[in-house]
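J.: Structure incoming, see below.
The values are calculated or read from the model by the stated rules, or taken from the named source; none is laboratory data. Owing to the predicted nature of the structure, the values given are computational and were not obtained by experimental measurement. Neighbour counts are summed over all protein chains in view; Cβ atoms, including those assigned to glycine, are modelled from backbone coordinates with ideal geometry. These accessible areas exclude ligands, DNA and RNA; they are computed on the full protein's heavy atoms, side chains included. Shrake-Rupley method; radii C 1.70, N 1.55, O 1.52, S 1.80 Å.
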Amino acid sequence: MATFLKADKAKELADIAKRIASPGKGILAADESTGTIKKRFDNIKVENTEANRAAYRNLLFQTTDLGRYISGAILFEETLFQRNAQGTAMTELLHAEGIIPGIKVDKGLVTIGGTDDEKATQGLDGLAQRCSEYYNAGARFAKWRAVLSIDQANGKPSMLAINTAADALSKYAVICQENGLVPIVEPEILSDGSHGIEVCARVTEKVLATLFKSMSDHGVLLEGALLKPNMVTPGVDCPQKEDAATIAFFTVRTLRRTVPPALPGVVFLSGGQSEEEASVNLNAMNAMQPHPWILSFSYGRALQASCLKAWAGKTENESAAKKVLLARAEANSMAQLGKYLGGGSDLAASVSLFERKYVY
Ligand code: 13P
C-alpha cells in the first residue's frame, strides 16, 4: 500500500529524517520516563523532583557545541513543555544548538495475555491528538519502543509477540506521519540471555523482515521514517564474547537483508553496552562503508552515564559534566564517520550499563 500523504507533507517528513540522519550526527535519547530517571538519580543520590529533572536536562541541552554532533534529542513529555530555572523553554535551548526536538510517545509495556510474559507496547489510543499537540509544541520526530526477549528454550520471541510489535509500530508510524512527526520505529531485542551472536542475528532478521513487511502493508513512508534497532550481539550471559568486527559484520548483514535503501537512517540504541563499546561497535560498522543508509546512534545510557556521574546533582560540577557529555557525543560522531580511534583507558566509559529486563 502506498502512502496517502500529500506531497508537501511527505517532503517535510523526508527533509527532517535526512537532517536527523546526517553525516557525523546522531540522537541524544534523553526521554527517560519519570520512573527511569529516578533509577539514574538514585545512583548519584539526587532526589527525583521536577526541579532536579529540569536542572539536569538544562545541563544537557545547554552544552555548548552539542549541536556539532547531535542532530536530535528525544524528550519525555514533561520536558517538551518544561522551562529551566531562568524561564527558557527546553525546546528553545535545543533550537539554539540547531538540535531538533523529538518526543517519546509510547506509554510503556504490558504483558500479552496468554504468553510467557512477552510484552506489548501501549499508547495508540488518542495518539493522533497527542501528536498534533507535540507538533505544535515544537516536536518534529517521535519514538515508540517495542520490546522482545530471546529465550530459545521457551520459544521466545514468539511469532505472536513479533507480529504484535510490528503491527503497533506500523500503526504508530502512520499516525505520526499524518501529524507531521518523523517516526522512529524501535523494535528492541533485549540482550538478556546466554544465546550466541548467531541466534541474535537470526531473531533480529526475523523481527526486521516482519516489521518492514508490516510497514509496507500500513503505507508508512520509508523516506520519512528512521529505524532504531539493537546491534546484533551475543546475550550478556553468553560465555563466548565477540569483538567489534564480528558484531559489525552480523549487524550490517542483518540490515542488508531486511532494511530497504529508501529508509534514510538507522540509529542504534546502546542497550546496556558501555559507552566505549557502543562507540567502537558503531565505528566498526561505518568502517565497512558504503551503506545505503546512514548508520548512527540514538543512545541513552551510552551518552549520559559518565555525564550523570560527573554531575552528581551539584551546580559546581556542571561544566565538568558538560565536558564529558560533549566528549561522548564527539566520539559517537567520529564513529558515525568510521573515524573513531577509541578513547582507551577512561574507566567510567568502559563500565557495562546493562540492566536485566530493561524498561524505559
Ligand atoms: P539506551 O541507549 O540506553 O539503550 O536507550 C535508548 C532508548 O531510547 C531506549 O528506548
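J.: State the extension gain, in nm to one decimal, for the chain segment bounded by Arg202 and Lys45, taking 0.36 nm per residue of separation less the distance between their alpha-carbons.
T.: Gain on extension, Arg202 to Lys45, equals 52.4 nm.
J.: What does the charge count near Val259 come to, summing +1 for each Lys or Arg and -1 for each Asp or Glu among other residues with Cβ under 14 Å from its Cβ?
T.: Combined, the nearby Lys, Arg, Asp and Glu give +3.
J.: For His95 and Ala312, FRET efficiency with R0 = 25 Å and r from the beta-carbon atoms, rounded to 0.05?
T.: Efficiency, from the Cβ-Cβ distance: 0.30.
J.: Relative contact order for the chain: what percent, with Cα pairs under 8 Å and sequence separation of 6 or more?
T.: Value for the chain: 20 percent.
J.: Still on this structure, I have one more. To the nearest 10 square angstrom, how much accessible area does Met159 have with a 1.4 angstrom probe?
T.: Near enough 90 Å² of accessible area.
J.: Tabulate in residue order the Karplus-calculated ³J(HN,Hα) for segment 240-251, using 6.51 cos²θ - 1.76 cosθ + 1.60 with θ = phi - 60°, rounded to whole Hz; enter x for Gly and Pro.
T.: 7, 7, 10, 8, 4, 5, 6, 4, 5, 4, 5, 5
J.: With the cut-off at 1.5 for a/c, could you classify segment 67-128 from its C-alpha gyration tensor as rounded, prolate or oblate?
T.: Prolate shape, in that a/c is at least 1.5 and a/b is the bigger ratio.
J.: Name the residue, out of Thr258, Thr315, Thr63, whose mean-square fluctuation peaks in a Gaussian network model built on the chain with Cα pairs under 10 Å.
T.: Evaluated over the chain, the most mobile residue of the options is Thr315.
J.: Next up: Remind me, relative contact order of segment 275-332 in percent, using alpha carbon pairs under 8 angstrom and six or more residues apart?
T.: 37 percent
J.: Mind ranking Phe354, Phe61 by accessible surface for me, highest first, 1.4 Å probe?
T.: Highest to lowest solvent-accessible surface, that is Phe354, Phe61.
J.: Could you tell me which trypsin sites (Lys or Arg not before Pro) in segment 218-300 are loop residues by DSSP with no more than 11 other beta carbons within 10 angstrom of their beta carbon?
T.: When the trypsin sites (Lys or Arg not before Pro) of segment 218-300 are filtered for loop state and at most 11 Cβ neighbours within 10 Å, Lys241 remain.
J.: How charged is the neighbourhood of Leu337? Take every other residue with its Cβ under 14 Å from the Cβ of Leu337, and add Lys/Arg as +1 and Asp/Glu as -1.
T.: Its environment carries a net charge of +2.
J.: Hey, another quick one. Tell me, what is the 1.4 Å probe accessible area of Ile189, in Å² to the nearest 10?
T.: 10 Å²
J.: State the number of lysine pairs found in segment 12-158 whose Cα atoms come within less than 26 Å, restricting to pairs 8 or more positions apart or on distinct chains.
T.: 21
J.: Of Val110, Val232, which has the most accessible area and how do the rest follow, probe 1.4 Å?
T.: Order by accessible area, largest first: Val110, Val232.
J.: Let me ask something else about it. Full-extension gain between Gln240 and Asn136, please, as 0.36 nm times their residue separation minus the C-alpha to C-alpha distance.
T.: 32.5 nm
J.: Where in segment 35-136 are there GluC sites (Glu not before Pro) that are in a DSSP coil and have at most 15 other Cβ atoms within 10 angstrom of their Cβ?
T.: Sites meeting the loop and neighbour criteria: Glu47.
J.: Tell me, what % of the accessible area of segment 225-320 is carbon and sulfur with a 1.4 angstrom probe?
T.: Carbon and sulfur: 55 percent of the exposed surface of segment 225-320.
J.: Then there's this: Which distance in nm do the two modelled labels at Ala85 and Asn154 give, with both placed 7 Å along the Cα-to-Cβ direction?
T.: Label at Ala85, label at Asn154, 4.6 nm between them.
J.: With every protein chain left in place, what is the accessible area per residue of the chain in square angstrom, probe 1.4 Å?
T.: In whole numbers, the chain has 40 Å² accessible per residue.
J.: While we're on this one: So how far, in whole Å, is the C-alpha centre of segment 290-320 from the one of segment 253-276?
T.: 19 Å
J.: Tally the DSSP beta bridges in the chain and give the antiparallel ones as a percent, rounded to 5.
T.: Here the antiparallel bridges make up roughly 15 percent for the chain.
J.: Roughly speaking, what is the centre-to-centre gap between segment 182-217 and segment 93-107 when only Cα atoms are used, to the nearest Å?
T.: A separation of 26 Å, based on Cα centres.
J.: List, in order, the whole-Hz ³J(HN,Hα) value for each residue of segment 301-316 obtained from phi through the Karplus relation with A = 6.51, B = -1.76, C = 1.60 and θ = phi - 60°; use x for Gly and Pro.
T.: In residue order, the calculated couplings are 4, 6, 10, 10, 4, 5, 5, 4, 4, 5, 6, 6, x, 10, 4, 5 Hz.
J.: Same structure again: Please give the calculated 222 nm ellipticity per residue for the chain, where each DSSP H segment of at least 4 residues contributes -39500 (n - 2.57) and the sum is spread over every residue; nearest 500 deg cm²/dmol?
T.: -13500 deg cm²/dmol
J.: Mind grabbing the accessible area of Tyr135 for me, 1.4 Å probe, Å², rounded to tens?
T.: Approximately 60 Å² of Tyr135 is accessible to the 1.4 Å probe.
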